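Read through the structure below, which is laid out as structure tokens, and then see the notes.
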Amino acid sequence: MHRVLVAVLAAFDAAVTAAVGLVVVLAPLTLLWVAGMSSPHWVGLWPATAAIWQLGHLVPVVLHLPVEYLAAAGIPEGAASFTLSLAPLALAGLTALFAARSGARAGRSGRGTVGVIAGTVVFAAVAVIVAATARTPIAVTALWQAVLLPVAVFAIPAAAAAIAVSWRDAAGRAVRLRALLLDLPGMWPEAPALVLRGAAAALTALCGAGALAITVALLARGDEVVALYQAGNLDAAGVIVVSLAQLAFLPTLVVWAVSFLAGPGFAVGLDTAVSPAGTQLGIVPGIPILGGLPESVSPLLLGVVLLPIAAGGVAGWVLRDRVRALTTAPEYGLRVVLAVGVAAVTGGGAALMAWLASGSIGPGRLAHVGPQPGAVALAVGVEVLIGAAVLLLGPDVADRPRHGVAADAPGRAASSAWDPDRGWTGDASLPREAPAAPHQGAAPPDADATETQPIDPGFLRERGD
């Protein structure tokens, strides 16, 4: 595909990605503005949309509450200004998904670099326009952060997808690096792809377990969630907007649940902790979904750390089948490298998710909420390593002979096999002895002699058998 066409398509993808993210925020805000205000101030609609879009792309927003609002809400002047940095990761995830799709298409065309650069430039232009036209004294963002962080959310997944597709198809600049790795013996050239495959399986299993944990918590403490909705005195429009906002933060909460299952847990303010070992909560914000937080935990809940180990087992199972399909004999050195590599990459991915899912939601003690990236990385890495090592380094049933039949792999012998001339033999790989030639001049054996003759019981008694 021509590079100009690739650049145009990538630029169009970037523009659509930015527009979709803005519309997703603008549409519910418009409904709220119309339903909640008799005379809506349209001048404030675009700055609010831009601030939420920027927050969803990891940009910290400094809020300065008006004096009139402080007096009406009874908020002290010391809490008039605070930083809001806990990102609704659903917006960042939407942008990353569209960017990866665009980068993969550019990579398949063999012009991955051109496509990624074109898309990044257009998305950066949109970020500059949003930051320049939506400045307000109530919600303040640093200009470099308002441009650089959204661009990073788009450019990194796009570049990663383009590199992955180019590597798989041996296209573009990945050909030389792939050729160098192919000179390595055995399956070592496949090791990087296998490590990434296993880490992706482990992270997917972890996120699935986190989503399941949130579902169980909401079912168990649904009455608290409903009570918080009722305490807010929300009308129908307010319930819809609050619910949509909580859906935008759902990926963030999934990461919190993953850190809980791994063991370190997370914080909902300074000097608080929610983990399987214990829960220490102070005054929790009246957000309905936070009603699912446990007030106390049972010692039996420590068993949830088996779920990250099971996620490592899933990765080991996926890689074991792959290694077994590509090799004729177990390569234990390679399997050790795969187990350690999967654990390291998974721990790094968990640390990145924990960093993205932590931040500030208010003044004072709410200046830090979320998990600690370092503790989450260590816990997840060790647990995934245990699960992956059990599956990769443990006994492999497929490598054993079945019912005394030798394995199909060359050079591998069964421990025993049945030979019709010699009975059970110790090694099926040994050649069978040829039957002795008949003595010259002897009469040919009778055909009836080859039939199976019954054994005389008296003969067995004489021999003592």
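The values are calculated or read from the model by the stated rules, or taken from the named source; none is laboratory data. Note that the structure is a prediction, hence the values are computed from the model and not measured. Reconstructed Cβ throughout: ideal geometry from the backbone, glycine too, with neighbour counts over all protein chains shown.
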### Query
Which numbered condition trips up Pro276, out of (1) surrounded by fewer than 16 Cβ atoms within 10 Å (Cβ to Cβ); (2) in contact with a helix residue (DSSP H, G or I) (Cβ under 6 Å, 6 or more places away or on another chain)?
(1)
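One line per residue, one yes/no per condition, for (1) in the same structural domain as Leu32 (by TED's automatic domain parsing); (2) surrounded by 15 or more Cβ atoms within 10 Å (Cβ to Cβ); (3) touching a His at 6+ places or on another chain (Cβ under 7 Å); (4) not in a helix (DSSP H, G or I):
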{"residue": "Leu228", "(1), (2), (3), (4)": "no, yes, no, no"}
{"residue": "Leu234", "(1), (2), (3), (4)": "no, yes, no, yes"}
{"residue": "Gly238", "(1), (2), (3), (4)": "no, yes, no, no"}
{"residue": "Val241", "(1), (2), (3), (4)": "no, yes, no, no"}
{"residue": "Gln246", "(1), (2), (3), (4)": "no, yes, no, no"}
{"residue": "Val254", "(1), (2), (3), (4)": "no, yes, no, no"}
{"residue": "Val258", "(1), (2), (3), (4)": "no, yes, no, no"}
{"residue": "Pro264", "(1), (2), (3), (4)": "no, yes, no, yes"}
{"residue": "Ala267", "(1), (2), (3), (4)": "no, yes, yes, yes"}
### Query
Can you tell me which residue in segment 286-327 is modelled with the lowest pLDDT, limited to those that are in a loop (DSSP other than H, G, I, E, B) and out of contact with any strand residue (DSSP E or B) (no Cβ under 8 Å at 6 or more places or on another chain)?
Thr327
### Query
So, in segment 123-139, of the ones that are assigned to a helix (DSSP H, G or I) and in contact (Cβ under 8 Å) with a residue 40 or more places away in the chain, which residue ends up surrounded by the most Cβ atoms within 10 Å (Cβ to Cβ)?
Phe123
### Message
For the list (1) at pLDDT 90 or above; (2) closer than 20 Å to Gly119 by Cα, I need the number of the one condition that Met1 fails.
### Response
(1)
### Summary
Restricting segment 362-371 to residues that are surrounded by fewer than 19 Cβ atoms within 10 Å (Cβ to Cβ) and not charged (D, E, K, R), the one farthest from Pro60 (Cα to Cα) turns out to be Gly364
### Task
Could you look through segment 92-123, keep only residues that are hydrophobic (A, V, I, L, M, F, W, C) and over 27 Å from the mean Cα position of the chain (by Cα), and pick out the one that is farthest from Leu63 (Cα to Cα)?
Val114
### Query
Do we have any residue at all in segment 44-51 that's at pLDDT below 80 and either assigned by TED's automatic domain parsing to the domain that holds Pro150 or surrounded by 13 or more Cβ atoms within 10 Å (Cβ to Cβ) (or both)?
yes
## Note on the structure
Within segment 198-220, of all residues that are surrounded by fewer than 17 Cβ atoms within 10 Å (Cβ to Cβ) and not hydrophobic (A, V, I, L, M, F, W, C), the one nearest to Val284 (Cα to Cα) is Thr215
### Task
Looking for whichever is of a type outside the set (D, E, K, R), surrounded by 22 or more Cβ atoms within 10 Å (Cβ to Cβ), over 22 Å from Val268 (Cβ atoms) and under 16 Å from the mean Cα position of the chain (by Cα) here; the options are Ala315, Ala350, Ala344. Which one fits?
Ala315
### Query
Right, Leu270: touching a residue at least 24 places away in the same chain (Cβ under 8 Å), over 18 Å from Ile214 (Cα atoms) and not aromatic (Phe, Trp, Tyr) or not?
yes
### Message
Can you confirm whether Arg335 is assigned to a helix (DSSP H, G or I), surrounded by fewer than 20 Cβ atoms within 10 Å (Cβ to Cβ) and in the same structural domain as Glu383 (by TED's automatic domain parsing)?
### Response
no
#### Entry: Number of the exception - Ile283 against (1) more than 30 Å from Val59 (Cα to Cα); (2) surrounded by fewer than 18 Cβ atoms within 10 Å (Cβ to Cβ); (3) not small (Gly, Ala, Ser)
(1)
### Message
For segment 1-18, give me each residue that is of a type in the set (A, V, I, L, M), in a helix (DSSP H, G or I) and over 18 Å from Pro157 (Cβ atoms).
### Response
Val4, Leu5, Ala7, Val8
